[in-house]
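In what follows, a structure is listed as structure tokens, so that the remarks can point back to it.
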Amino acid sequence: MTAVEWLENNIHSDTTYIEMYKLFDQAKEMEQANIENKAVHFAEWLTKKHTLTLMVLYERFNEEYYGDK
């Protein structure tokens, strides 16, 4: 469930402004967590699928950034 879907399910016609602001803050936190989780999942997927490419890129990074060979 997306943060927007969650928010839609939790805002009702009798929701006060104070409650609404709290819900908006919760939805923002959920969205940030979703973004962070997406980055982690991408890194996990990339590591599993492209290990050799990552090793080559790491060696290149190490040479260019640290001057190690």
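Laboratory data are not the source of any read-out in this text; all were calculated from the coordinates shown. Quick caveat, the model's predicted, so the values are computed rather than measured. Please note: Cβ atoms are built from the backbone with ideal geometry, for glycine as well, and neighbour counts cover all protein chains shown.
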- From the residues Thr15, Met55, Asn37, which one has its Cα farthest along the dipole of the chain in the positive direction, the dipole being from +1 and -1 charges on Cβ of Lys/Arg and Asp/Glu about the Cα centre? Met55
- Query: Given (i) 63, 22, 18; (ii) 65, 24, 9; (iii) 35, 23, 22 as candidate values of Cα extents along the principal axes in Å, which corresponds to the one derived from the coordinates?
  - Reply: (ii)
- Which of Met20, Met55, Met30 fluctuates most in a GNM of the chain (C-alpha springs under 10 Å)? That residue is Met55
- Highest GNM mean-square fluctuation among Lys38, Lys28, Lys49, for the chain with Cα springs under 10 Å, belongs to Lys49
- If you place +1 on the Cβ of every Lys and Arg, -1 on the Cβ of every Asp and Glu, and leave all else neutral, what size is the dipole of the chain about its Cα centre, to the nearest 20 Debye? 340 debye
